[in-house]
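One structure below.
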Amino acid sequence: RASRTMEEGRVFNFGAGPAPLPESVIRDAQKSLLNFRSSGRSIMELSHRSKVFEDVLETAEKDLRSLLSIPSNYKVLFMQGGGTGQFAAVPLNLAASSDVCDYAVTGSWSQKAFAEAKKYCQPRMVCNGQSNGKYTRIPDLSGWELHPEARYLYYCSNETVDGVQFQDLPTQFPNVNLIADMSSDFLSRPVDVAKHAIIYAGAQKNSGIAGLTIVIGKTSPFIS
């Protein structure tokens, strides 16, 4: 997975896990560990209530809103727990135990999200991309069987384990709260945020470091 040696022993990393960061970003972070923006403290020593750290969060959110053209009625949250933590957070926050929730199962990650949802709601599999024990395709959207009273429709935009990616996102269904796990292709292409109720992504693939999860959520109105 390492193609050749770089300066100071660094390598080009083409692994499916945490992606490489630009050297300039790493060097800037290195400086911040000792004395962040001349505050006399490491960024790890700053109070999360301090003006210095609030500026960090505000800048990160502003940049993200600009990159994705996030509408003003959407919140941006920086969460812990990785993208898989949202497998439980989504049904826990959007559904009751008796509610039906639709899941497009097109690979290993959406299968895990579907299995986790069984603990908290009544998930339905609107499509299954598995064939002969392997996920190899995204079933034609015309055959998806959505429940008329489903609280939401979940999909994973890119299944890294199985090599299955939505080339066209399933945004054409009317009156649906669309939930997307975009962990592995987040910020890699334009996305119409306004057609989703929630988009979440583990940051380590394209936009940050492991341990951070970005959640973009519509504040109102949710379709009921």
For this session: For the range 57-77, state whether one or more residues are in contact (Cβ under 8 Å) with a residue 12 or more places away in the chain, within 15 Å of Ile209 (Cα to Cα), small (Gly, Ala, Ser) and not in a helix (DSSP H, G or I).
Result: no
Problem set entry | The one condition in (1) among the aliphatic types (A, V, I, L, M); (2) modelled with pLDDT of 95 or more; (3) open to solvent by 30 Å² or more (accessible area, probe 1.4 Å) that Ala117 fails to fulfil | (3)
Exercise. Any residue in the range 137-146 that is of a type in the set (Asp, Glu), more than 21 Å from the chain's Cα centre (by Cα), closer than 22 Å to Ala194 by Cα and open to solvent by 40 Å² or more (accessible area, probe 1.4 Å)?
Worked result: no
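Only one residue in Lys51, Lys112 is basic (Lys, Arg) and either at pLDDT 95 or above or closer than 26 Å to Leu187 by Cα (or both), so which one is that? Walk me through how you get there before you give the answer.
Values: Lys51 fails: either at pLDDT 95 or above or closer than 26 Å to Leu187 by Cα (or both).
From the options Lys51, Lys112, the qualifying one is Lys112.
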Exercise. From the set of residues in the range 192-205 that are assigned to a loop (DSSP other than H, G, I, E, B) and farther than 22 Å from Leu21 by Cβ, which is most open to solvent (accessible area, probe 1.4 Å)?
Worked result: Asp192
Problem set entry | Matching entry among Gly208, Gly129 (being out of contact with any Lys or Arg (no Cβ under 9 Å at 6 or more places or on another chain) and open to solvent by less than 50 Å² (accessible area, probe 1.4 Å)) | Gly208
For this session: State whether the residues of the range 103-112 include one that is free of Cβ contacts under 8 Å to residues at least 40 places away in the same chain, in a helix (DSSP H, G or I), crowded, with 20+ Cβ neighbours inside 10 Å and not aliphatic (A, V, I, L, M).
Result: yes
Seminar exercise, completed: Of the candidates Ile70, Ile43, the one satisfying the condition of being buried (at least 16 other Cβ atoms within 10 Å of the Cβ), of a type outside the set (Ser, Thr, Tyr) and more than 19 Å from the chain's Cα centre (by Cα) is Ile43
Exercise. Which one of these does Val76 not meet: (1) within 30 Å of Met44 (Cβ to Cβ); (2) at pLDDT 95 or above; (3) open to solvent by 30 Å² or more (accessible area, probe 1.4 Å)?
Worked result: (3)
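The values are calculated or read from the model by the stated rules, or taken from the named source; none is laboratory data. What you see is a predicted model; the values in this text were computed from it and never measured. All Cβ positions, glycine included, derive from the backbone under ideal geometry; neighbour counts span all protein chains shown. Keep in mind that these areas ignore ligands, DNA and RNA; they rest on the heavy atoms of the full protein, side chains included. Shrake-Rupley method; radii C 1.70, N 1.55, O 1.52, S 1.80 Å.
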